[in-house]
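Since every read-out is calculated from the coordinates, none of them should be taken as a lab result. Not measured: the values here are computed from a predicted model. Ideal geometry is used to build each Cβ from the backbone, glycine not excepted, and the neighbour counts take in all protein chains shown.
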Amino acid sequence: MTTSFLDKAYEARDAEATRALYDSWSASYEVEITQNGYATPARCAQALAEFAKDKSAPLLDFGCGTGLSGLAMRLAGFEVIDGVDVSADMLAHARVKNVYRTLRQIEPDAALEGDHLLMCAVGVIGAGAAPISALDTMLHALPSEGLLVFSLNDNALTDLGNTARLNEWLDCGAARLLFSEHGDHLPGHDLQSTVYVVEKV
């Protein structure tokens with residue numbers, strides 16, 4: 001039986017191997033995940049829209065991939081969206097959607113630039129993708145009262161270190177949890193995710 005890119009996506013690997021996988025996957029990525037009912041972008045966009053006071057504030061789409069997350073954010077009413085990703089080939093597909101103000105390739109664990117009051121990381125953190133240190137990177141870059149929406153799928157949730165890192169931010173009072181909901185991620189792949197909205201204190 002042939003192993004799909006989606007089957008490979010959740011295997012642990014180093015940063016360069018991850019970049020290579022997503023470069024190779026870029027041409028068929030949207031077809032494969034759409035066939036599996038990819039629900040998390042719309043769920044994240046709806047959750048962030050519920051709490052964002054100003055949808056015209058700059059929003060950073062961290063790990064934007066081919067731009068499905070940015071498209072969901074635009075459809076939810078967000079007006080100024082910038083995207084960053086480690087994969088140049090994924091960014092090329094995002095560019096043709098014309099929903100981003102800027103798109104930029106970044107290195108793993110690089111500090112984030114800009115004045116974004118809003119951030120999203122849709123399906124980004126977990127084995128085979130960005131490490132949980134990405135949560136620190138995003139929250140450090142957010143200003144006080146800035147909002148971050150992100151998701152952890154069932155595979156990421158089995159690593160208790162992921163939720164523990166979130167709880168460190170919450171327990172010390174550096175961030176506040178506004179929303180948490182478990183629901184569909186890739187129903188066709190029998191996978192769910194928890195969507196979180198966090199406010200930087």
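Before moving on, here are some points about what is shown:
- Residue exposure proxy: LEU147, LEU139, LEU157, ordered by other Cβ atoms within 10 angstrom of their Cβ from fewest to most, comes out as LEU157, LEU139, LEU147.
- For the range 96-168, alpha-carbon Rg over 2.2 N^0.38 Å: 1.16
- Over the chain, Cα pairs under 8 Å with separation of 6+ residues give a relative contact order of 23 percent.
- Scanning the chain for GluC sites (Glu not before Pro) that sit in a DSSP loop and have at most 15 other Cβ atoms within 10 Å, the longest stretch containing none of them is 12-78.
- In terms of other Cβ atoms within 10 Å, ASP109, ASP154 run from fewest to most in the order ASP109, ASP154.
- Kirkwood radius and radius of gyration were both taken over the C-alpha atoms of the chain, and their ratio Rg/Rh is 0.93.
- Loop trypsin sites (Lys or Arg not before Pro), the range 55-145, which have at most 14 other Cβ atoms in a 10 Å radius of their Cβ (DSSP): ARG101
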